[in-house]
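Chemist: Handing you a structure now.
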Amino acid sequence: MNRQLDTSISHAVAVGEAVCSIAPLSPLPDPADEPGPSELIALLCLGAGLFLGWSALFYLFGALLVPWELETALSKAELSLGLTAAILVAALIAPFAGRLIDDGHGRLLLGGGALVGALGLAGLSMSVGHKSFVLAWMVVGAGQGACLFEPTFTFLARVLRQRARRAILLVALIGGLATLLAYPAAALLTDLYGWRIAVGSFALMTAFVMAPLMYAGGALLEPASLHLDRETRNRAGRLALASARRRPAFWGLMISFALLAIAEGMILSHAVSAMVEFGQIEAVALLAMTILGPCMTAGRLCMLWFKPNGASFAIAVIAAMGMATGIAMLPFSGEHVGIGLIAMSVFGLGYGLIIVLKPILVSECLGYLSIGAILGALALPCFTALAAAPYGAALLWEHGGYALAILAATIAATLGALGLVAIALSRRD
């Protein structure tokens, strides 16, 4: 009995020493000073890269869904399977991306992911038939999982810790304007040269502009996170992830994020087609999606300006309910031009806040140690739900029109908001 007690005490001391040894050489620095010029330049690079990346690797699908449906022999469900496949691949990559960030390879992940995404877009521009279309989107999905908001925000949370909130907001302010580029540029290029040239142009932009920006931004920030030896870092990371999985908040966040992802995926991929079906002209529907980005940025500006410290969960609940409200308004968009614009504005305000709040909510509930692995584990079901959403919306459309798909998206967003309420209440106990 005494021997077992001595062994337990020795083990506890060893673990304590391992954790204490992390403190002086923490891979998660928490500097108190204001960010220097190099950090601000890095954030601008990442923001500009995400502005281009979201335009090319995600919003491009929604911008070209109507032309693809008209000019190819593919159905809406077959086309939607492309984006579903892309996001599913991103889901599979997410846990590995988190580990790479924890291991100090963020710059390579972000820059390399953009190059992979550009390769997928190049293949998409030359695709012929359904198989090659879906395969190209799978390659794009690999890029999505390595260089869009999830890995970038995970990278910032890992490197900057407490100060990551401000950094994430600054980056998201720029990246969130992507719809201003994606929808007008895709429509213009498609009208002038056809959708293949439009996709090829986005591929070139991703390879030669986005990739260098993402790598440069990561390179300017990452050196501060490369002080721990790999063995100590991995041991601490495994302990932190295992501890997080034993907490109810981990599973609550996972379910809530997945439900919100279902609503997000349905709307971002089908909103234009849905508004057209409800009686709105395509130009107005495209305008509604174009202003989505500025509305996302407006919400983030408010959060950056007012600095609502300690109110992250309250803001997240309001944002999720905003998403649900905006979605619920879409069936009435054909009655008046302004309704569709207001619906997407309200949805955009909520959606834009949810994106930037995810890593903040996770860090507040589960801590910063091994946050890359934790966010990666949470991202897998979230991305899976996001992947299923476009195809699921297409199937619902086939059986009951877009009214049924919009109802499903509204319910998913509402349940996601209620899940966040439950987590917030449990944290007060």
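What follows is calculated from the coordinates using simple rules that are stated; it is not laboratory data. The model shown is predicted, which means the values in this text are computed figures rather than measured ones. Because the Cβ atoms are built from the backbone with ideal geometry, glycine has one as well, and the counts that use them run over all protein chains shown.
Chemist: What's the angle, to the nearest 10 degrees (0 to 90), between helix 371-428's Cα axis and the longest principal axis of the chain?
Modeler: The helix 371-428 is inclined about 20 degrees to the chain.
Chemist: Mind pulling the angle between the C-alpha long axis of helix 230-245 and the longest principal axis of the chain? Nearest 10 degrees, somewhere in 0 to 90.
Modeler: Helix 230-245 and the main axis of the chain meet at about 70 degrees.
Chemist: Note down the magnitude of the dipole of the chain about its Cα centre, charges +1 on Lys and Arg C-beta and -1 on Asp and Glu C-beta and zero elsewhere, to the nearest 20 debye.
Modeler: Value, rounded to 20: 940 debye.
Chemist: Phe278's amide H: which non-local residues (gap 5+, or another chain) put their own amide H closer than 5 Å, with H modeled 1.01 Å from N in plane and none for Pro or chain starts?
Modeler: none
Chemist: Taking 25 °C and 0.890 mPa s as the conditions, I'd like the Stokes-Einstein D for the chain in µm²/s, using the Kirkwood hydrodynamic radius from alpha carbon pairs.
Modeler: 113
Chemist: Can you put His336, His130, His399 in order of Cβ neighbours within 10 angstrom, beginning with the fewest? List each step's numbers first, then the result.
Modeler: Details: His336 12, His130 16, His399 8.
Ranked by crowding around the Cβ, least crowded first: His399, His336, His130.
Chemist: A further question follows. Which ³J(HN,Hα) values in Hz, rounded to whole numbers, follow from the phi angles of the stretch 128-142 under the Karplus curve 6.51 cos²θ - 1.76 cosθ + 1.60, where θ = phi - 60° and Gly and Pro get x?
Modeler: 9, x, 5, 4, 5, 4, 5, 4, 4, 5, 5, 5, 4, x, 4
Chemist: Then there is this: Compare Gly175, Gly141, Gly279 in a GNM of the chain, Cα atoms joined below 10 Å, and give the one with the largest fluctuation.
Modeler: Looking only at Gly175, Gly141, Gly279, the biggest GNM fluctuation is shown by Gly279.
Chemist: Name all residues of the stretch 175-197 having a backbone nitrogen under 17 Å from the label point set 7 Å from the Cα of Phe208 along its Cα→Cβ direction, giving them as ranges.
Modeler: Zone members listed by number: 197.
Chemist: Roughly how tilted is helix 106-125, in degrees to the nearest 10 and between 0 and 90, from the longest Cα axis of the chain?
Modeler: Helix 106-125 sits roughly 20 degrees off the main axis of the chain.
Chemist: Which ³J(HN,Hα) values in Hz, rounded to whole numbers, follow from the phi angles of the stretch 63-68 under the Karplus curve 6.51 cos²θ - 1.76 cosθ + 1.60, where θ = phi - 60° and Gly and Pro get x?
Modeler: Karplus-based 3J(HN,Hα) across the stretch 63-68 equals 5, 10, 4, 5, x, 4 Hz.
Chemist: While we're here: With a 10 Å radius around each residue's Cβ, average the other Cβ atoms per peptide and rank 113-125, 285-297, highest first.
Modeler: 113-125, 285-297
Chemist: Towards the positive end of the charge dipole of the chain, with charges on Cβ (+1 Lys, Arg; -1 Asp, Glu), say which of Gly120, Leu156, Leu180 has the farthest Cα.
Modeler: Highest projection toward the positive end goes to Leu156.
Chemist: Here's another thing I want to ask about it. Explain nothing, just compute: Karplus ³J(HN,Hα) = 6.51 cos²θ - 1.76 cosθ + 1.60, θ = phi - 60°, for every residue of the stretch 318-326 in order, whole Hz, x for Gly and Pro.
Modeler: With coefficients 6.51, -1.76 and 1.60, one gets 4, 5, 5, 5, x, 4, 4, 5, x Hz.
Chemist: Follow-up question, since we're still on this one. Just the ratio, please: alpha-carbon radius of gyration of the stretch 284-356 over 2.2 N^0.38 Å, N its number of residues.
Modeler: 1.12
Chemist: Go ahead and estimate [θ] at 222 nm for the chain from helices alone: -39,500 (n - 2.57) per DSSP H run with n ≥ 4, summed, over the residue count, rounded to 500.
Modeler: Helices in the chain give a 222 nm mean residue ellipticity of -28000 deg cm²/dmol.
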